[in-house]
Each structure stands twice: as structure tokens, then as C-alpha cells.
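Here the structure is laid out as C-alpha cells; the discussion comes afterwards.
Derivation of every value follows stated rules applied to the coordinates shown; laboratory data play no part. Every value quoted in this text rests on a predicted model; they were computed, and no experiment measured them. Counting neighbours? That spans all protein chains shown, and the Cβs are built from the backbone with ideal geometry, glycine included.
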Amino acid sequence: MPLTDKNKAVSRGIWAVTTFILVTTWVSVFIFSDVYKTGLVDGKRQELIQMNSVVAQHTAALFKTIETDLSVIALWLQTTHSKDPVSDPTFIELVKRLKQNSESLVDIRLISTTGKAYAVPVLADTPVVDIEDRDYFYESPAGENSQIHISDPIVGRITGKWLMPVHLHLKPEVAGFRMVLAVINISKLVAIQKNWIIGSHGSIVLLHDDGTLLSRAPHKEGLIGQNFKETPGYQERKKYLKGCYISDGKNADGVKRIISYERLDKFNLFVSVSRGYDEALQTFYRLRQDVFFGAGILTLCVLGAVLAIQRAQNTLLRVQQDYQSLALIDDLTKVMNRRAFMANAELELTLTKERGGSLAVLMIDIDHFKRINDQSGHAAGDEILKSATQLWRAALRRDDILGRLGGEEFGVILPAADMPLAIDIANRLRSLTAEQTSIGTVKGPLTVSIGVSVGGKDEDNIRDLLRQADEALYRAKENGRNRVELYAPTA
């Protein structure tokens, strides 16, 4: 083959390889972006579902408390016909305590058969309000006497603030009163819910079963009391008791959101928590920008290199990548370093969970090691560390894992070890160390303190077990050193 033909063949080969590399790179970039985005969205959905569950539990507890309070008041009225509740000291104290328990979130009124709303107690500066024209005055829900009814939000005639009426009909009417009314201060409810909002586009919405918006955090004046029955979001909520979906962004503010919802059947309510979709994916957008930028730079570099090769009529471009091997052994003691120890510990815990049984963790600390270093020098301290680890390795079982976690602190993983066996091994290590007349170049006894923790349950993780062993080690130090302590949770 002539030289020029060979050069052309090499050039075609280089371009073919380059094209394959660049196509593979960009396909990989797009696949990675899609997979990462999907995983991130799923993670954000789960976070939102968990937060929605918290808000739903709080909301259910609030209305359950109101239901209980109103039932207590109704029972008092039905069992004390001869007393005027508005002026009775016992009743006033009862209502006062119920209000205090809600931290002023809920106020309580007695509604007469003529539509008068009486505060308890009746104060000179608190006028009796006529609510006969309010819709909830005529609402008469079916069901038991203890069943509350949540009405559409209203603007208070005295305070001018948005309120959520919750009433309980008295069956039969008592002492001229038709119902007991609790009004929720929506602004205070929103102030509580703001603590759970995620992101600047997040919101928490309380929606009645008929589509009426009862409250929204953050508060939006124009939305309270509006009916959203015909919106796609409401129709989505009506399908299931709970769920999570992504809106199309065709709402009032044009923001696309991830929305989680849960229905409270007992109270005919929907609790919904949302967060901005783009806001939730900021990490993905930044990463995608960096990856695309990197891929673009890589593309330019590869093309530049190929052109340079052609110009120089080189036949091959050798690209060599250096891999730095991960150091697994501590240079001084020749046992595992912290990173290797943690990796092996995670693996052993996983195997323990799969097999069943238990696993023990020991935390060993050489007593007064700083004093030894100060008195005998760091070289002597190093000799102690080397000699002590050799002693311990000889005493441990074949499958036990010993690692240096830092300074004079060491960790031991004991696979298939229950509490008695773990304590026995720990005491053996402690005794062997204390029995030595000299370790390294240092004469005299050397002692260690050891903390023990045992785990293996599905919910256990190695960092918690290490922390527990470390707490037990700390207690061993406090109790005089040269001893073994088992982790015991504090009450």
C-alpha cells in the first residue's frame, strides 16, 4: 500500500474512532442526564409525600381536637340545663382552657337559635354578632351529634380576618342555643404551616371535598374561598385517597409544581403540599450544565487533537489515563485505615442482615496515650501502636476486622457475634494488653478502654453502631479506664 494510501487509511480509522467516541460520549451524556433527572424527581416526590404526611397528620389532629372540644362543650350544655353557660364560671373556665390549649389558633362561640354569636365570657368590648345570614347557620349535617362540619372560610365581622368556621349542631337544641362554633384563625394556621413549606414556590393547601379552598400557605387573598372543582388538579385529587403528580404549570402563576395530596375522609378535606418543579431540579440543571460544558470541551479537545495528528501526519494518538490506587493499609500499624475499615464494615453489616444474626463493633482507645507521647516521645508512641495492633490481631478471630480510625483509636468488627461473645472478646483484648510488662520500647503496663455495640437489624447502619460503641468507650473512660463498657441507650 502506498504511503499516501496508508495515511488516508489511518486518517479514516482515526476519524471513525473519533466519531464513535464522540457519539458514545454524547449518547452517554443524554442517558445519564435522563436517568439522573428521573432519580432526582423520584427522590423529591418521596420527600414531598413524607412532608404531606406530616402536614396531614397535624391537620387531622387539629380537627380531631376541635371535634373533641366541641363535643365536651355540647355534653356540658346537655347535662347542665339549669345554668346559663355564658355567665357560668365553670363553663367559662372550661372554654378558657380549651382556647389556651390551641394557643389562640381556635376561638369558640355559642350560637343561639336566633343567630346570635356569643363569646365566652361575654365582655363589654366584645359585641354579640348576628350570624343569621351566614351559610353555616343553616347547614345541618347528617350523622351523629358529635360530628363536626367544616364550612367555607369567611371574613370576621369584628377582626376583618379570614376565619374557618367549624360547628357542631346541638341535637336537641339546649337553653336557646343551636350550635357550638369554633373558628380557626387562618392567618395563624398559615404561620404554622409556613415552617413546612419547601422552596420559594412551595405551598400547603387545605381544600374542602367540594373544591373550596379553605387555606393556603403562603396566604393569597384572592384564592381563599374560591372553588377549584373544575380544575385538573382537583380532578386528579378525586381519583385516589392520596397521590403525587406533576402539574402542567397552566395555573394562575404559571409555575410547574410537584404536588402531593392526601384525603382526610373523616373531615371531607384534602391536604396538599407542593414545591416548584424547576426549583426542585436546580441540582440537576447545574449538573447538566457542567456535564454538557465538560462534554463540549471534550469534543473540542478531541477534534483539535485529531486535526493536530493529521497536520503532523502522526499515525496514532495514545491517550493514557492514570489511576491512583486507593490506599487501604495504615502505613504505621499495617492494619486497615479508616476508609478501608468503613467499607468492610458496611459490607459485613449488609451480609449480617442478609444472613440474619448479629454483628458487634468494638471501639478501642489506648489509655493515657498523649502522656506516653509527651514523656517517651512520638517514636515510642509509634512503637506502642505497632506492637499493640500485632497483639490484638493475634487474639482476634480470622474473620474479625481491625482498623485504625485515627490516632490511638481503633475499631474492630466482629461478624456473627452476639453481646456475650463481643464482651468476651473485648475483655480478652483488654486483659492481653494489660498483661504485657512492656510494649514496644515502653516499660510498664499499658491499658485500653473498650466500648461495645451490637446490631444487625434492618434499620441499623454502621455509623450508628460506631457512634454507640464510641459512647460506650467514653463511658469506659469516665468510669476509670482499663475496662469494657456495653452501649446502653439512655432513657
Counting DSSP beta bridges with both ends in the chain, the antiparallel % (nearest 5):
95 percent
For segment 338-486, using Cα atoms only, the Rg and Dmax in Å read 15.0, 49
What distance in nm separates the two pseudo spin-label positions at I246 and S376, each 7 Å out from Cα along the beta-carbon direction?
6.4 nm
Furthest towards positive pole of dipole, L105, S33, A175, structure part segment 1-321, Cβ charges:
S33
May I ask for the Rg/Rh ratio of the chain, computed from Cα atoms with Rh as the Kirkwood radius, given to two decimals?
1.19
Can you list the lysines whose alpha carbon sits under 28 Å from that of K242, skipping same-chain ones fewer than 8 residues off?
K37, K44, K64, K188, K194, K220, K229, K250, K256, K266
Sorted by packing (mean other beta-carbon atoms within 10 Å per residue), highest first, where do 462-473, 226-237, 157-168 land?
462-473, 157-168, 226-237
Nearest-ten-degree value, helix 419-435 long axis tilted from longest Cα axis of the chain
40 degrees
Rank-order 92-101, 147-156 by packing density, defined as the average count of other C-beta atoms within 10 Å over each peptide's residues, highest first.
147-156, 92-101
Amide H neighbours of L223 under 5 Å, at least 5 residues apart or on other chains, H built in the peptide plane: list them.
none
Can you list the lysines whose alpha carbon is less than 24 Å from that of K116, not counting same-chain residues fewer than 8 positions off?
K83, K96, K99, K161, K171
Report, in debye and to the nearest 20, how large the dipole of the chain comes out about its Cα centre when Lys and Arg carry +1 and Asp and Glu carry -1 on their Cβ.
1340 debye
Ordering of 366-378, 180-192 by burial proxy (mean other Cβ atoms within 10 Å per residue, highest first)
180-192, 366-378
Theoretical FRET efficiency, 1/(1+(r/R0)^6), r = Cβ-Cβ of S53 and K8, R0 51 Å, to 0.05:
0.15
